[in-house]
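A short worksheet on the structure shown next.
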Amino acid sequence: MATDCEAWLNANPVEAGDRSDSFPSGDEDNTFTGNVNNEINGKWILAPTGSIHEARLKAKVKRRLRKNSSRDSGRGDSLSDNGDVVHSVVPPTSPKGKLLNRRSRMGKGRGLPKKGGAGGKGVWGSPGEVYDEDEVDVKDPNYDAEQENCVYETVVLPLDGETFEKTVTPIVQEYFEHGDANEVAELLAELNLGSMRGDVPMLAVSLALEAKASHRELTSRLLSELCGRVLTAADVEASFHKLLKELPDLVLDTPGAPQMLGQFIARAVADNILPKSFIDGYKGRVDSEYARAALDRVAVLLRMSRWTGLRFDSLWGSGGGQRPVNQLIKEVNLLLKEFLLSGDTVEAERCLRELEVPHFHHEFVYEAVIMVLESKGDRTLQMILQLLKSLCASTVITVDQLRRGFERVYLDMADLSIDVPCAYSLLEQFVEQSFNAGVIDKKLRDLCPCRGRKRFISEGDGGRLKLSSY
């Protein structure tokens, strides 16, 4: 570079007059600041009066700027008009930032992502792109013409005897809790019952024989819902044939199985899922006494429905939670009246259990105490006291239900005393005897209200009459 500048100066000498025109006289110190910059073929050329050393520095700075601009367009130094180096305020980017930058490093393009954003690891095309189905290549060595129109379906294996019982039993037991027959039908439709389809009614009835009356009512409704959707009339008929044959084994666990099975058959005939000719086929061909008792029960119920209009929809009754409150109150009063006539504590306990309303036993206690107050007799008091003591000892009536029943009586004493003037004294007597018998505790006894007596004569002032203003 210095050699070229020296050769140019020798070939183009500059006269003194030219120097005087370009620079004022007497200003020799500013000779180097008034140079004119020219560029030929990308190289710096200085005026004749310039310094060769300054030309070298400017050429070096120019080369460095070009190198930095090609390496990183957003970072580097620049050269001012007076030849000073100006540092950029943009912070340098890290090598990691360069790797994450998807713009071209060649200084070409518009700075957009590669392939329109469809490239890179884990990318399945540009956003919004929908792929068509791949066409089958006939020339593919793995191509099989027989699999061209194949339809693949999920295969469910048929249930055997052991798997059937393990699968269907939880479904029926859950149905006893929620009572949704449609859900049971959907669950059974998903199973491949196969030859075990006819055993569904048999399993449901067998489980209901050991359950409550409300569960037996739900089972009758379930059979009516499943017939036509999951089961056929032939499946239901075959199931009851098997149940009649297995009655001797069912009686071992449920002594009342013949009467209950007879009611199931009568309900099925009334729901039109079992033909009326079902009973006629057993006439004169029954060897088991249990099967004969079940068929006799069916005949009696059908005859009663024909003559007296017996409704089979209420054959099993309804669950306690499904009954109206007024009906429950009537049944509780009827139960207490029957107990006062018979005095059978065991029968009263069985009837109270069959109501299946443990959350409503406080009404039983309330009605029993009210009956004692309205009877005004010692016999009723002793019988009700004996009944409550027996029910509390057998935990049929819980302590909470007993307390709620007595507290309800305490709250209604103001109204009861209108119809029964001596209600307070009778209640105090009954509560005291109940405490002595261990039916109630001391805290509940102390809550018993007592009627305050009005004093017309003072008891501490010599028997003098009180003034009306007192």
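The values are calculated or read from the model by the stated rules, or taken from the named source; none is laboratory data. The structure displayed is predicted, hence computed values, not measured ones. All Cβ positions, even for glycine, are placed from backbone atoms using ideal geometry, and neighbour counts span all protein chains on display. With ligands, DNA and RNA removed, areas are computed over all heavy atoms of the protein, side chains included. Shrake-Rupley method; radii C 1.70, N 1.55, O 1.52, S 1.80 Å.
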From the option list Leu203, Leu218, single residue qualifying as open to solvent by 10 Å² or more (accessible area, probe 1.4 Å) and modelled with pLDDT of 90 or more is Leu203
So, first residue under 15 Å from Leu381 (Cα atoms) and part of a loop (DSSP other than H, G, I, E, B) in segment 429-443, second residue of a type in the set (Lys, Arg) and open to solvent by 30 Å² or more (accessible area, probe 1.4 Å), Cβ within less than 7 Å, six or more apart or across chains; the pairs are Ala437/Lys389; Val439/Lys389
Looking only at segment 169-200, which residues are among the hydroxyl-bearing types (Ser, Thr, Tyr) and modelled with pLDDT of 90 or more?
-> Thr169, Tyr175
Regarding Phe176, is this residue under 24 Å from Arg285 (Cβ atoms), assigned by the TED database to the domain that holds Arg303 and aromatic (Phe, Trp, Tyr)?
-> no
Name the residues in segment 371-397 that are among the β-branched types (Val, Ile, Thr) and loosely packed, with under 15 Cβ neighbours inside 10 Å, would you?
-> Thr395
Hits in segment 175-189 - residues which are touching a residue at least 12 places away in the same chain (Cβ under 8 Å) and on the phi < 0 side of the Ramachandran plot = Tyr175, Phe176, Ala181, Asn182, Val184, Ala185, Leu187, Leu188, Ala189
Tell me, yes or no, whether segment 152-170 has at least one residue that is basic (Lys, Arg) and in a loop (DSSP other than H, G, I, E, B).
-> no
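The rows are residues; the columns are (1) at pLDDT below 65; (2) among the hydrophobic types (A, V, I, L, M, F, W, C); (3) touching an Asp or Glu at 6+ places or on another chain (Cβ under 8 Å).
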{"residue": "Gly309", "(1), (2), (3)": "yes, no, no"}
{"residue": "Phe312", "(1), (2), (3)": "yes, yes, yes"}
{"residue": "Gly317", "(1), (2), (3)": "yes, no, yes"}
{"residue": "Asn326", "(1), (2), (3)": "no, no, no"}
{"residue": "Ile329", "(1), (2), (3)": "no, yes, yes"}
{"residue": "Asn333", "(1), (2), (3)": "no, no, yes"}
{"residue": "Leu336", "(1), (2), (3)": "no, yes, yes"}
{"residue": "Leu341", "(1), (2), (3)": "no, yes, no"}
Which one of Glu146, Glu174 is farther than 27 Å from Leu243 by Cβ, out of contact with any Cys (no Cβ under 8 Å at 6 or more places or on another chain) and not in a loop (DSSP other than H, G, I, E, B)?
-> Glu146
Selected residue (criterion: farthest from Glu237 (Cα to Cα)) from residues of segment 282-303 that are in contact with a helix residue (DSSP H, G or I) (Cβ under 9 Å, 6 or more places away or on another chain) and outside any helix (DSSP H, G or I) = Ser288
Applying the selection to segment 177-200, what residues are open to solvent by 60 Å² or more (accessible area, probe 1.4 Å), of a type in the set (D, E, K, R) and assigned to a helix (DSSP H, G or I)?
-> Glu177, Glu183, Glu186
Scan segment 233-282 for residues that are basic (Lys, Arg) and open to solvent by less than 30 Å² (accessible area, probe 1.4 Å) and jot them down.
-> Arg267
The number of residues in segment 374-411 that are under 18 Å from Glu338 (Cα atoms) and among the hydrophobic types (A, V, I, L, M, F, W, C) is 7
